[in-house]
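> I'd like to ask you about the structure that follows.
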């Protein structure tokens, strides 16, 4: 059973089509990244999965339960992009509040475990208003994990964070994947998606235009070979390397280095959405 399964999702707001028949799956323990320009439908997809938005057509299921149903809501945790927590709450009090809201019976033990997981043990009594943006972001992930949901939906979890903060969140996501938690990560940071995600789904104008692992989405761009006559790029893929090297050696060339060139996720993304680098 998929942690998240969407089939033929359509969503229209009047004459505007946000989703135009989207199929997406997130397997158990898989970290899937959603990419796409503004207005591509990423946040709409996440909100449908959370039950905050109803699809015009199609269906989404969370662990086999219809998205938006009580059964599905028990199986997921959610962190919105523009979340706000009461500034006067401490980290411990905030997690306790979300335990009551979700019906979790984990108590103090669960709060301690979650705060340790996100690196906030020493700040459990600190008020939210006294926390840095990165600390609040990690606290947001902790509240989304109350009750140990098998699926985590994150909407731009590294927005407004500095490189150190993004790395902390990235390591946390890798830890969650190691625990078997499924994650759907909506982000516009291609470098973060490429580093942490098992699979990438690229949306454009409400439709899936590319899908696969970062390696699968890369394309061969030739083979760069350095010889005693300099460096030259040859047409071909990894399978052509032995032949090209053998031909160069037979021709009397000395080969010093070989590199298979592939496109980056950024290049694949720009090609998929029809945009040129600025």
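> Let me spell it out: the conditions are (1) farther than 27 Å from residue 194 by Cα; (2) crowded, with 18+ Cβ neighbours inside 10 Å; (3) without any contact (Cβ under 8 Å) to a residue 24 or more places away in the chain; (4) under 22 Å from the mean Cα position of the chain (by Cα), and residue 47 meets all of them except one. Which number is the exception?
In the conditions (1) farther than 27 Å from residue 194 by Cα; (2) crowded, with 18+ Cβ neighbours inside 10 Å; (3) without any contact (Cβ under 8 Å) to a residue 24 or more places away in the chain; (4) under 22 Å from the mean Cα position of the chain (by Cα), residue 47 misses (1) alone.
> Another one. Which of (1) touching a helix residue (DSSP H, G or I) at 6+ places or on another chain (Cβ under 7 Å); (2) in a helix (DSSP H, G or I); (3) over 16 Å from residue 185 (Cα atoms) is the odd one out, the single condition residue 122 does not satisfy?
(1)
> Now a separate question. Residue under question is residue 170, and the condition is that it be in contact with a helix residue (DSSP H, G or I) (Cβ under 7 Å, 6 or more places away or on another chain) and closer than 30 Å to residue 91 by Cβ; does it hold?
Considered against the rule, which asks whether it is in contact with a helix residue (DSSP H, G or I) (Cβ under 7 Å, 6 or more places away or on another chain) and closer than 30 Å to residue 91 by Cβ, residue 170 comes out as yes.
> State whether one or more residues within the stretch 40-59 are in contact with a helix residue (DSSP H, G or I) (Cβ under 8 Å, 6 or more places away or on another chain) and either assigned to a strand (DSSP E or B) or not assigned by TED's automatic domain parsing to the domain that holds residue 78 (or both).
Checked the stretch 40-59: no residue is in contact with a helix residue (DSSP H, G or I) (Cβ under 8 Å, 6 or more places away or on another chain) and either assigned to a strand (DSSP E or B) or not assigned by TED's automatic domain parsing to the domain that holds residue 78 (or both).
> Of everything in the stretch 236-266, what is surrounded by 14 or more Cβ atoms within 10 Å (Cβ to Cβ), without any contact (Cβ under 8 Å) to a residue 24 or more places away in the chain and in a helix (DSSP H, G or I)? Give them in sequence order.
240, 241, 244, 245, 248, listed by residue number.
Residues are listed down the side, and each one gets a yes or a no for (1) part of a strand (DSSP E or B); (2) under 15 Å from residue 24 (Cα atoms); (3) within 14 Å of the chain's Cα centre (by Cα):
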position	(1), (2), (3)
166	no, no, yes
171	no, no, yes
192	no, no, yes
195	no, no, yes
200	yes, yes, yes
209	yes, yes, no
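> With out of contact with any helix residue (DSSP H, G or I) (no Cβ under 6 Å at 6 or more places or on another chain), crowded, with 16+ Cβ neighbours inside 10 Å and in contact (Cβ under 8 Å) with a residue 12 or more places away in the chain as the only criterion, which of 233, 196, 201 stands out?
201
> Name, by its number, the condition in (1) farther than 25 Å from residue 44 by Cβ; (2) surrounded by 17 or more Cβ atoms within 10 Å (Cβ to Cβ); (3) touching a residue at least 24 places away in the same chain (Cβ under 8 Å) that does not hold for residue 96.
In the conditions (1) farther than 25 Å from residue 44 by Cβ; (2) surrounded by 17 or more Cβ atoms within 10 Å (Cβ to Cβ); (3) touching a residue at least 24 places away in the same chain (Cβ under 8 Å), residue 96 misses (3) alone.
> Is it the case, given these coordinates, that residue 27 is under 15 Å from residue 2 (Cβ atoms) and buried (at least 17 other Cβ atoms within 10 Å of the Cβ)?
So residue 27 fails the test.
> Still on this structure, I have one more. Checking residue 77 against (1) modelled with pLDDT under 90; (2) within 16 Å of the chain's Cα centre (by Cα); (3) not in a helix (DSSP H, G or I): exactly one of these is not met. Which one?
The failed condition is (1).
> Go over the candidates 135, 131 one by one and state the one that is more than 20 Å from the chain's Cα centre (by Cα) and at pLDDT below 95.
131
> Something else: Could you check the stretch 213-230 and list, in sequence order, the residues that are under 35 Å from the mean Cα position of the chain (by Cα) and loosely packed, with under 14 Cβ neighbours inside 10 Å?
Once the filter is applied, which keeps residues that are under 35 Å from the mean Cα position of the chain (by Cα) and loosely packed, with under 14 Cβ neighbours inside 10 Å, the stretch 213-230 yields 213, 215, 216, 219.
> Within the stretch 176-184, is even one residue over 21 Å from residue 80 (Cα atoms) and over 16 Å from the mean Cα position of the chain (by Cα)?
yes
> Every residue in the stretch 212-230 that is assigned to a strand (DSSP E or B), in contact (Cβ under 8 Å) with a residue 12 or more places away in the chain and over 30 Å from residue 30 (Cβ atoms), please.
222, 223, 224, 225, 226, 227
The values are calculated or read from the model by the stated rules, or taken from the named source; none is laboratory data. If you're wondering where the values come from, they're calculated on a predicted model, not measured in any experiment. Every residue, glycine among them, receives a Cβ derived from its backbone with ideal geometry; neighbour counts consider all protein chains shown.
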